[in-house]
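Reviewing the structure listed below.
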Amino acid sequence: MSVLPLVFTSGWASGINAYAVVLLFGLLGATGVTEEVPAALQRPDVLIVAGVLFVAEAVADKVPYVDSVWDAVHTVIRPVSGGVVAALLAGHNGSLPELAAGAVGGSTALLSHLVKAGTRIAVNTSPEPASNIVLSLAEDLGVAGLIAFAVFHPVAAAVIAGTLLAAGIAVVVFLWSRIRRFLQRRRQRRAEKRPAAVDGAAPPVT
C-alpha cells in the first residue's frame, strides 16, 4: 500500500504538534509495535529531545497569549518537521519519492498549523483560560490517537485528518472577523506604548 495516506496524516498532525508526532512514531517503532517507522525516528537522542520539547509545548500551549507566541515561533518549524517526517516515512517504505512525500507532509503541516494558530487567536479573545486548556488537551489527544490509528489504518486515518483539516479551515474562516479585530487591537496597543516622537525638534535645554 502507498505510504501517501500515512504521510498526509503525519503532516496534519505535525502542524498541530510536531514534537508529539516524532515522539509517538519513535516510541511505536522502538517498542516493536510497528515496523513502518524509520530507524532515524527511533534513535534515543531523537526520542529524548522530542520528549523534552513535547513537555515544553504541552505547557506553553495551555497558557493564553503564550500559545500564540509559541505558534508564531513554530510557523517554520512545524512545516519543516512535517516534511522531514514524511520524507523519512517515504524513504523507509519506498513506495513514494521522498521529495514528493516531503512536499505533501510539509504543505499539509503548514495548513494545519495556520488553522491551529488562527483558532488560538480567536480563543484568546476570551478572558478565561479554561478554553485554551481544553482545546490544547483535545489537540494533544487527537494527534496521539490519530497517529496510533494511522499506523494500522492509514487510509481511514487520512480521511479523518482531511475532514478535520477542512473543518478547521471552515472554523477559521467563520471566526476571521474576530481574529482580525483582535490583531488590530493588539497593533493599536503596541502603537500606544511607543513614545510619542517629537516632530523633528530637539528637546528644550534647561
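The values are calculated or read from the model by the stated rules, or taken from the named source; none is laboratory data. Please read all numbers here as calculations on a predicted model, not as lab measurements. Cβ sites come from the backbone with ideal geometry, for glycine too, and all protein chains shown count toward neighbours. Remember, those area values only see protein heavy atoms, side chains included, never the ligands or the DNA or RNA. Shrake-Rupley method; radii C 1.70, N 1.55, O 1.52, S 1.80 Å.
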Notebook entry, point to check: When only Cα pairs under 8 Å and 6 or more residues apart are kept, what is the percent relative contact order across the chain?
Noted result: 29
Note to self: Projecting each Cα onto the charge dipole of the chain (Lys/Arg +1, Asp/Glu -1 at the beta carbon, about the Cα centre), which of G91, A109, A39 comes out farthest on the positive side?
What the structure shows: A109
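Relative contact order of the stretch 83-159, please, whole-number percent, based on alpha carbon pairs below 8 angstrom and at least 6 residues apart. Provide the component values of the computation, followed by the final result.
Details: 43 pairs, mean separation 14.1, N = 77.
With pairs under 8 Å counted, the relative contact order is 18 percent.
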Note to self: Which residue, S126, A150, I16, has the largest displacement toward the positive end of the dipole of the chain when charges sit on each Cβ (Lys, Arg +1; Asp, Glu -1)?
What the structure shows: S126
Next item on the list: Could you tell me what % of all Cα pairs in the stretch 51-134 have separations over 14 Å?
Entry: 66
Check: Tell me, how many Å apart are the Cα centres for the stretch 1-50 and for the stretch 95-120?
Finding: 15
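Counting every Cα pair in the stretch 1-85, what percent are over 22 Å apart? Intermediate values should be presented prior to the final figure.
Details: 915 of 3570 pairs.
Tail fraction, whole percent: 26.
Relative to the Cα centre, what is the charge dipole magnitude of the chain, using +1 at the beta carbon of each Lys and Arg, -1 at the beta carbon of each Asp and Glu, and rounding to the nearest 20 debye?
My answer is approximately 1040 debye.
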Notebook entry, point to check: What's the carbon and sulfur percent of the chain's accessible surface, probe 1.4 angstrom, rounded to a whole number?
Noted result: 72
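Need one word for the stretch 79-124: rounded, prolate or oblate. Basis is the Cα gyration tensor (sqrt eigenvalues a ≥ b ≥ c); a/c below 1.5 gives rounded, then a/b vs b/c decides.
It is prolate, given that a/c is not under 1.5 and a/b is the larger ratio.
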